[in-house]
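Just so it is clear, none of the values below were taken in a lab; they were calculated from the coordinates. What you are looking at is a predicted structure, and each value in this text was computed from that prediction instead of being measured. Glycine also receives a Cβ, built like all others from the backbone with ideal geometry; neighbour counts cover every protein chain displayed.
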Amino acid sequence: MVKILGIETSCDETGVAIVEDARIILSEKLSSSVDMQKKYGGVVPELASRVHTEKIIPLIESAVNEAGAKLAEIDAIAVASGPGLVGALLVGAMTAKTMAMVLGVKLVGVNHLEGHVLSAFLPNDDLSKQQLVKYDFSNNGPILILIVSGGHTELVLMEDFGVYQTIGETIDDAAGEAFDKAAKILNLPYPGGPSIAKAAESINESKRDDSEQFSLPRPMLDSGDFNFSFSGLKTALLYKARKRNLDDERVVASFADEFQEAVTDVLVKKTVAAAREYNIERVAMVGGVAANRVLRQKLEIQFGDQFFVPEFKYCTDNGVKITVAGYYKYKKGGLISWQELSVRGNWGLG
Ligand code: KG4
Ligand code: ZN
């Protein structure tokens, strides 16, 4: 049995977990600077790094205690080493290097996006799905993965662990970024995804204003490829919202609802088209925006029990996904020494 301690500090979440054989979560700890970032309307990189520096050691200490393990029992340390904010990544990387040196163990540098991908294979409430996946990536043919986070929007074909082909991506803003910017326009709090979803939920069908004044475009639907663009959608919202009274909750709710519909329509249609083009049955969605209920429902309607999505708490950044991805990379010979680990602010999946 292999015990891995994993560390996540790519953005504004400090995550630590200890997982045995990628299956048994012995402990998981998470702390977020999101409440502090709220007053700036987005993530301030310097603030994120400072908070990671304060939190990381206490979180590791409590993760080790809760796991009932001793540091000496840890077989390897996995750390998210990119993509992300370099200053934030460095806090996790330096902590991992120091621990590896002192404990005399090896490291695994995990791609943050690969961590998100693995979150679709974590134990899930839905047992039938869990059995279907069974941590066996390749046996049932490739899986199409829709990665939708604050920094990325990609459609990726996963042949096996570590074997990815990106077939489409955003040419400007990521889906989460679009939600965050739209929320700012509507004077809703950061992070934008949950606040737009909440505002949209606050009106029911009968009260919804579907008139032209609120309608927004569905960008790139007919672009003939699997790329996305969300920046024009945000600008369209900006121009329409300027003309309206944003103190009126119904106005904000109607815009929030239409914005959520526009983003999710595009994501779903492109995913369906990609699955058809590549003849793929199994589809997974991961990343912070995967927590969006409307998007989950729309994809579930399309792909039924061949659709895989993490539990809500594993959609946004956390230590468990890094630890589990670290395990598979470890199995594939991905161990390195502390001297070899470096961080990469831009690191694609392939
Ligand atoms: O994966 P994540 O935690 O961090 C990155 O790797 O970027 O994703 C954060 C993003 C934010 O942009 C946030 O607004 C979005 O995920 N998000 C949502 C929801 N919850 C979080 N977007 C739409 N609907 C949600 N319920
Ligand atoms: Zn993330």
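Working from Cα pairs under 8 Å separated by at least six residues, relative contact order for the chain is 26 percent. When the Cα positions of Gly193, Leu155, Pro217 are compared along the charge dipole of the range 146-217, Gly193 comes out farthest toward the positive end, with charges on each C-beta of Lys, Arg, Asp and Glu. Under a crude label model (7 Å from the Cα following the beta-carbon direction), how far is Asp265 from Lys332 in nanometres? With each label placed 7 Å out from Cα toward Cβ, I get 3.8 nm. Over the chain, DSSP H runs of length four or greater, each weighted -39,500 (n - 2.57), average out per residue to a 222 nm ellipticity of -13500 deg cm²/dmol. Summary of packing: across the peptides 325-331, 285-291, 295-301, 272-278, the per-residue average of other C-beta atoms within 10 Å ranks them, highest first, as 285-291, 325-331, 295-301, 272-278.
How big is Rg to Rh over the chain, alpha-carbon atoms, Rh as the Kirkwood inverse-mean-distance radius?
A ratio of 0.98.
Here the 3J(HN,Hα) profile of the range 243-253, calculated from phi with Karplus coefficients 6.51, -1.76 and 1.60 at θ = phi - 60°, is 7, 10, 7, 7, 7, 7, 4, 5, 5, 4, 5 Hz, Gly and Pro shown as x.
Taking other Cβ atoms within 10 Å as a rough exposure proxy, Asp75, Asp317, Asp225 sort from fewest to most as Asp225, Asp75, Asp317.
Extension gain for Tyr278 to Ala72 (0.36 nm times residue separation, less C-alpha to C-alpha distance): 69.5 nm. Evaluate E = 1/(1 + (r/R0)^6) for Asp35 and Ser229, where r is the Cβ-Cβ distance and R0 equals 30 Å; express this FRET efficiency to the nearest 0.05. E(calc), rounded to 0.05, equals 0.45.
Residues Val105, Val117, ranked from the fewest to the most other C-beta atoms within 10 Å, line up as Val105, Val117. Residues Asp257, Asp209, Asp12 in ascending order of nearby Cβ atoms (within 10 Å, fewest first): Asp209, Asp257, Asp12. Remark: the chain carries a charge dipole of roughly 420 debye about the Cα centre, counting +1 on each Lys and Arg Cβ and -1 on each Asp and Glu Cβ. Rounded to whole Å, give me the distance from the Cα center of the range 19-66 to that of the range 267-286. Each part reduced to its Cα centre gives a spacing of 33 Å.
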